[in-house]
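Novice: Pasting a structure here, questions to come.
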Amino acid sequence: MKKICLLFLLITTSIFAQEPVKVDLSNPNATILTHWYFLQENSYEPENAAKTIYGFEGEEAVEIAKKLKQIIVGKGLKFDFNKIPMDSMFVDSSQVLNKNRYLVFPMQLPDVYLEKIGSNWYYSPETTSKINEIWSNVFPWYTEQLLQIIPEFGHKTFLGIELWQYFGFVFLIFCCFILFYILYRLVYFILRKLQYWIVHYKNQDVNIALKKLTRPIVFLLLMEFAKKVLPSLFLPLDINNVLFLGLNIMVTVFWIYVFLKLVKVAMSIYAIYAESTESKLDDQLIPVLNNFLSGLVIFLGFLKFLTIFGVDPVTVVAGASIGGLAVALASQDTVKNLIGTIMIFIDKPFHIGDWIEADIAAGTVEKVGFRSTRVRAADTSIFQIPNSALAEMIVNNKGLRAFRRYQTNLGVRYDTPPELIEAFVVGIRKIIEIDPGTRNDAFNAEFIGFGDSSLQILLNVYFTELDWNSEQASKHKLHMEILKLAKELGVEFAFPSTTLMIEQFPDKKGITMPYNIDKERTQKVLDAIK
């Protein structure tokens, strides 16, 4: 029982021992506390709050102190006294001039700041001289007239809020609904005009993207309208703080959405341009750019969210820079591949669908991604080549050939008469000249030498079709025509063999092939080639 009584005595003593708040202007924290404390309902002494105003006295100083509070409440801003400096010699490092100044809300109210004059801190003369201008920037033009026409019953309170404030809030929502339908048609019309002014053609995908872009833009305009009107309702600070926080979050979300849709519109327009170009690499660039720009928008939106929740913008930028450097150092290979990707899209050493040979990889380019390029080999296997390595390789782009070169040797039997060889070569030349799938101004069909088991005829042609399948079809057609010519002329192809000739054998004659070298017959065969 004694312990309980002793505890009760200590508690009551500590309560009555607390000193009341006095006017203190010795540092920024004390000055703001003095101004704010003496304008609260339970401690309302505006004369003491007016002592934070420099250069004014009496009712004029009181009016300025009240307006400063109205401005801060109207913007829904709350003081964090744990962050306000208590150093009497505080110097704001963000200021160009090395003076004892402190910006209360540097982002939201850059014109409202404290300044040390003599040994005390006051709201600066510049702030107090511009108080009416600052007040007008926060509150709409009709605010003073609105307060004068509110009837007596409108000031009755319910749950700490006056009735006229409830009606004003409902009326604001009603106005937003009406403005939405008006602005939607107006914004969509403007966007269509801008789109047609930038690119002089219409496209269904672009129109759909513009419609999706219109709605968030209208919402952004409505939220800016609401932020401008809300201060005129003079709602309590806690309610304003929640409303403005919610509006700022929604504004950031919709800006992210708007920029994502802008990226989509830009990609739709670029896709139309890419379709008009011969390069397939432009088509491949669309998803790469879309992913990169979308990621950038989301990242910047995340940084904006941090500032909404009270993180210093300088800290955010510094953190993003340091974080970016750390990520770059930790993922050097990824950065190298990204740079390699950029160089591939700038230099364009190959296009989608080209057949390339790079180091041990040979195949058709299927995709160029952020990190690597996918090449499909002839056996349908996949080469996944890092773009950093590919950018440094010697790439032989078969897809950029003007023609596909084909070279082979035709071997005919050694006992083929010279007349037939000459006719055979002339016939091959004629076949190539009349073939629409080959160049008829650059080819070779010549008797080039003597092989181990055959007479060698060089065949060197250039196919006009660059596709691999078309090339094989052209080869097939050419081979078949040559085989038909050989059959008509009676020319036989040799194969690796060894022939034992016994010229002197009792009652036996040497082996002689029955070649027909009649000139008229040979000429008829050549003339029949069409």
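Novice: Condition test on residue 138, is it at pLDDT 80 or above and exposed (fewer than 12 other Cβ atoms within 10 Å of the Cβ)? Please lay out each step first, then the result.
Specialist: Numbers: at pLDDT 80 or above: yes; exposed (fewer than 12 other Cβ atoms within 10 Å of the Cβ): no.
Spelling it out, it is not the case that residue 138 is at pLDDT 80 or above and exposed (fewer than 12 other Cβ atoms within 10 Å of the Cβ).
Novice: Scan region 396-424 for residues that are β-branched (Val, Ile, Thr) and crowded, with 19+ Cβ neighbours inside 10 Å and jot them down.
Specialist: Residues of region 396-424 that are β-branched (Val, Ile, Thr), as a first pass: 408, 412, 416, 421.
Across region 396-424, the qualifying residues are 412, 416.
Novice: Here's something else I'd like to know. Inside region 38-61, can you point out the residues that are buried (at least 18 other Cβ atoms within 10 Å of the Cβ) and not in a loop (DSSP other than H, G, I, E, B)?
Specialist: Step one: of region 38-61, the residues buried (at least 18 other Cβ atoms within 10 Å of the Cβ) are 38-39, 48-54, 56, 61.
Hits for region 38-61 are 48, 49, 50, 51, 52, 53, 61.
Novice: Check whether at least one residue in region 195-206 is charged (D, E, K, R), without any contact (Cβ under 8 Å) to a residue 60 or more places away in the chain and part of a loop (DSSP other than H, G, I, E, B), and report yes or no. Steps first, please.
Specialist: Filtering region 195-206 for residues charged (D, E, K, R) gives 202, 205.
Of the ones still in play, those that are also without any contact (Cβ under 8 Å) to a residue 60 or more places away in the chain are 202.
With the extra rule that they be part of a loop (DSSP other than H, G, I, E, B), the set shrinks to 202.
Yes: region 195-206 contains one or more residues that are charged (D, E, K, R), without any contact (Cβ under 8 Å) to a residue 60 or more places away in the chain and part of a loop (DSSP other than H, G, I, E, B).
Novice: Show me the helices (runs of 4 or more DSSP H) entirely contained within region 80-170 in which 1 or more residues are over 21 Å from residue 60 (Cβ atoms), in contact (Cβ under 8 Å) with a residue 24 or more places away in the chain and outside the structural domain of residue 57 (by TED's automatic domain parsing).
Specialist: On the way: elements: 125-129, 131-138, 143-149.
Because the criterion is at least 1 residues that are over 21 Å from residue 60 (Cβ atoms), in contact (Cβ under 8 Å) with a residue 24 or more places away in the chain and outside the structural domain of residue 57 (by TED's automatic domain parsing), the helices (runs of 4 or more DSSP H) in region 80-170 that meet it are 143-149.
Novice: Pairs under 8 Å by beta carbon, first residue in contact (Cβ under 8 Å) with a residue 60 or more places away in the chain and closer than 21 Å to residue 343 by Cβ in region 362-388, partner of a type in the set (Phe, Trp, Tyr) and surrounded by fewer than 18 Cβ atoms within 10 Å (Cβ to Cβ), six or more apart or different chains?
Specialist: As it stands, the answer is 368/345; 370/292, since those pairs meet every condition given.
Novice: Still on this structure: Quick test of your reading of the structure: residue 92 fulfils all but one of (1) within 16 Å of residue 128 (Cβ to Cβ); (2) within 49 Å of the chain's Cα centre (by Cα); (3) buried (at least 18 other Cβ atoms within 10 Å of the Cβ); (4) modelled with pLDDT under 90. Name the failing condition by number.
Specialist: All conditions pass for residue 92, except number (1).
Novice: Quick one: is residue 82 polar (S, T, N, Q), within 19 Å of residue 24 (Cβ to Cβ) and surrounded by 15 or more Cβ atoms within 10 Å (Cβ to Cβ)?
Specialist: Here the answer is no, as residue 82 does not meet what is asked.
Novice: Follow-up. Which residue, of 440, 409, 460, is more than 30 Å from residue 360 (Cα to Cα) and of a type in the set (S, T, N, Q)? Lay out the reasoning, then the answer.
Specialist: Values: 409 fails: more than 30 Å from residue 360 (Cα to Cα); 460 fails: more than 30 Å from residue 360 (Cα to Cα).
None of the other options fit; the residue is 440.
Novice: Hey, another quick one. Within region 124-135, how many residues are surrounded by 15 or more Cβ atoms within 10 Å (Cβ to Cβ) and of a type in the set (Gly, Ala, Ser)?
Specialist: So the answer is 1.
Novice: Further question: Go over the candidates 433, 471, 419, 503 one by one and state the one that is at pLDDT below 85, among the charged types (D, E, K, R) and in a helix (DSSP H, G or I).
Specialist: Values: 433 fails: at pLDDT below 85; 419 fails: at pLDDT below 85; 503 fails: in a helix (DSSP H, G or I).
Result: 471 is the single residue among 433, 471, 419, 503 that is at pLDDT below 85, among the charged types (D, E, K, R) and in a helix (DSSP H, G or I).
Novice: For residue 489, work out the one condition from (1) in contact with a Leu (Cβ under 9 Å, 6 or more places away or on another chain); (2) exposed (fewer than 13 other Cβ atoms within 10 Å of the Cβ) it doesn't fulfil.
Specialist: (2)
Novice: Select from region 401-421 the residues that are hydroxyl-bearing (Ser, Thr, Tyr) and over 18 Å from residue 483 (Cβ atoms) and list them in ascending order. Even if it seems obvious, please write down each step before you answer.
Specialist: Of the residues in region 401-421, the ones hydroxyl-bearing (Ser, Thr, Tyr) are 406, 408, 414, 416.
Scanning region 401-421 gives a single hit, 414.
Novice: Between a residue in region 417-431 that is in contact (Cβ under 8 Å) with a residue 40 or more places away in the chain and any residue that is surrounded by fewer than 16 Cβ atoms within 10 Å (Cβ to Cβ) and of a type in the set (Val, Ile, Thr), which pairs come within a Cβ distance under 8 Å, given they are 6 or more apart or on different chains?
Specialist: 417/517; 419/517; 420/517
Novice: Give 98, 42, 27 a once-over and let me know the one that is out of contact with any helix residue (DSSP H, G or I) (no Cβ under 9 Å at 6 or more places or on another chain) and modelled with pLDDT of 90 or more.
Specialist: Values: 98 fails: modelled with pLDDT of 90 or more; 42 fails: modelled with pLDDT of 90 or more.
Within the list 98, 42, 27, the selection yields 27.
Novice: Further question on the same structure: With the checklist (1) over 43 Å from the mean Cα position of the chain (by Cα); (2) under 27 Å from residue 139 (Cβ atoms) in hand, flag the one item residue 116 doesn't pass.
Specialist: (2)
Novice: So residue 149 passes all but one of these: (1) modelled with pLDDT of 90 or more; (2) over 28 Å from residue 78 (Cα atoms). Which condition number does it fail?
Specialist: Only one criterion is unmet by residue 149, namely (1).
The values are calculated or read from the model by the stated rules, or taken from the named source; none is laboratory data. Please read all numbers here as calculations on a predicted model, not as lab measurements. Note: ideal-geometry Cβ built from the backbone for every residue, glycine included; neighbour counts use all protein chains shown.
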